[in-house]
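Since the structure comes first, as structure tokens, the remarks are kept for the end.
Coordinate-derived values only; no laboratory data. Computed from a prediction, not measured in an experiment: that's the story for all the values here. Here the Cβ positions follow ideal geometry from the backbone for every residue, glycine too, while neighbour counts run over all protein chains shown.
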Amino acid sequence: MTTYERVIGIDVASKKLDISDSKGNLPAVIANTVKAVGSLIKRIEEPEKTLVICESSGGYEDIMVDLLHEAKVNVAVVNPRQTHYYGKAHGYLEKTDKIDARVIRLFGEQVEVHLTKPRTEREKQLRSLSRRRVQVLTMINQEKNRLRFEDDAVKQFVEDSLESLKKQLKAINDELKKYAQELSQETPNVEIISSVPGIGPVTTATLCAELPELGKISRNQIAKLVGVAPLAHQSGQSDGKRRPRGGRSTVRRTLYMAALVATKKNPVIRKFYLRLLGRGKPKKLALIACMRKLLLIINDMVRNQTQWDPEKKARDQAVSSPATSATCSAGH
């Protein structure tokens, strides 16, 4: 575990940043603007010995994180659920922005965290597009649901909105495909990921943008990170169903559609899917298991820098580990 001489916890909001500094030399609150964050960074004397830690806040932290990376300050963006449980465990039952900043700082001082890596401009644009795609897909589903119940007075407005959203979705998909092609000139990971049957350019771009950890961490870690790993729920004689929880919703949503296609076009995933159905597993549970298997295959391929090889049975056997079997047996 890396020990930092100074830890700065920051609670991020859309318009302000609440700060808890282990040295007590920084202002308690500043505006969430380029100018204010820039002034704050100038007051960090030894950036290489300093850790700034904050929670993932839906993008409100992006300005601060980018400026800190430019100044070579160590930054960790952590899951809010982790700091929430940490605070409860240490007796912080009240919730204010000031208390949250303190809890985040204490978490950074006592818990090992993974530093957030700086992103290139293309990676930032890819991430913005992938997240906008999820927003548009959500709105399309909402409008489709409204279309079923609205009367003729507003039905045409809903249909017009739906048509506009579908056009926007197509434009976003086209942009993602273009960025994926450009990114393929910089990293071999694009060709590696896209070589998997069932993985199209949109999924490839989303994985590159939202899951930079691919190939760098273990299979169990990557499954938990995305939210497709079955987590134990056992206490005493009670052994509840193992269900995936948490994770990166943008990746998970894209991976769901990729797995759905893979059950028809990918021979390994299709065989796995049919085997689960043959054992009596519900379709939804079987599909989640396929999502995890597909993710693990891609993670192994990126780690080994090898493209899809349908004849390489060893890969299939390696992925069908006890951890995967746990997914398959979920819902016992």
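Given R₀ = 30 Å, what would the calculated FRET efficiency be for Lys216 paired with Glu46, taking r from the Cβ atoms and rounding to 0.05?
Once the sixth-power term is evaluated, E becomes 0.60.
Show me the GluC sites (Glu not before Pro) within segment 1-85 that DSSP assigns to loop and that have at most 15 other Cβ atoms within 10 Å of their Cβ.
Glu5, Glu45
How charged is the neighbourhood of Leu225? Take every other residue with its Cβ under 9 Å from the Cβ of Leu225, and add Lys/Arg as +1 and Asp/Glu as -1.
In short, +1.
If you take the beta carbon distance between Leu67 and Thr138 as r and set R0 to 30 Å, what does 1/(1 + (r/R0)^6) give as a FRET efficiency, to the nearest 0.05?
Details: r = 30 Å, r/R0 = 1.00.
So the FRET efficiency works out to roughly 0.50.
Return the distance in nm (one decimal) between the two label points of a simple spin-label model at Asp309 and Arg253, each offset 7 Å from Cα along Cα→Cβ.
3.7
Could you give each residue of segment 110-117 its phi-based ³J(HN,Hα) in whole Hz, using Karplus coefficients 6.51, -1.76, 1.60 with θ = phi - 60°, and x for Gly or Pro?
10, 10, 5, 10, 9, 5, 7, 7
Go through segment 88-117 and name the GluC sites (Glu not before Pro) that are in a DSSP coil and have 10 or fewer other Cβ atoms within 10 Å of their Cβ.
In loop regions of segment 88-117 (DSSP not H, G, I, E or B), the sparsely surrounded GluC sites (Glu not before Pro) are Glu94, Glu112.
For a quick check of your reading of the filter: which trypsin sites (Lys or Arg not before Pro) in segment 21-128 sit in a DSSP loop and have no more than 16 other Cβ atoms within 10 Å?
Loop-located and lightly packed - Lys23, Arg43, Lys72, Lys95.
Which net charge results for the neighbourhood of Asn32, defined as the other residues with beta-carbon distances under 14 angstrom from its beta-carbon, given Lys and Arg at +1 and Asp and Glu at -1?
-4
Among DSSP beta bridges lying fully in the chain, give the percent that are antiparallel, nearest 5.
The antiparallel proportion sits near 50 percent.
Considering amide H positions built from the backbone, and no H for Pro or chain starts, which residues 5 or more places from Val7, or on another chain, come under 5 Å of its amide H?
Counting only residues 5 or more places away or on other chains, the set is Ser22, Lys23, Leu51.
Identify, among Leu126, Gln156, Val111, the residue whose Cα sits farthest towards the positive end of the charge dipole of the chain, taking +1 on the Cβ of Lys and Arg and -1 on the Cβ of Asp and Glu, with the dipole about the Cα centre.
Gln156
Amide H of Thr116: which non-local residues (sequence gap of 5 or more, or other chain) have their own amide H closer than 5 Å, using H built in the peptide plane?
The list, which skips near neighbours in sequence, is Val75, Ala76, Val77.
In nanometres, what is the gap between the two model label sites at Lys283 and Lys167, each 7 Å from Cα along Cα-to-Cβ?
Spacing of the two 7 Å Cα→Cβ label points: 3.4 nm.
Between beta-carbons, use under 15 Å as the cut-off and find the net charge around Asp18, counting Lys and Arg +1, Asp and Glu -1.
-1
Could you check the simple spin-label distance between Lys117 and Glu5, using points 7 Å along Cα→Cβ, in nm with one decimal?
2.8
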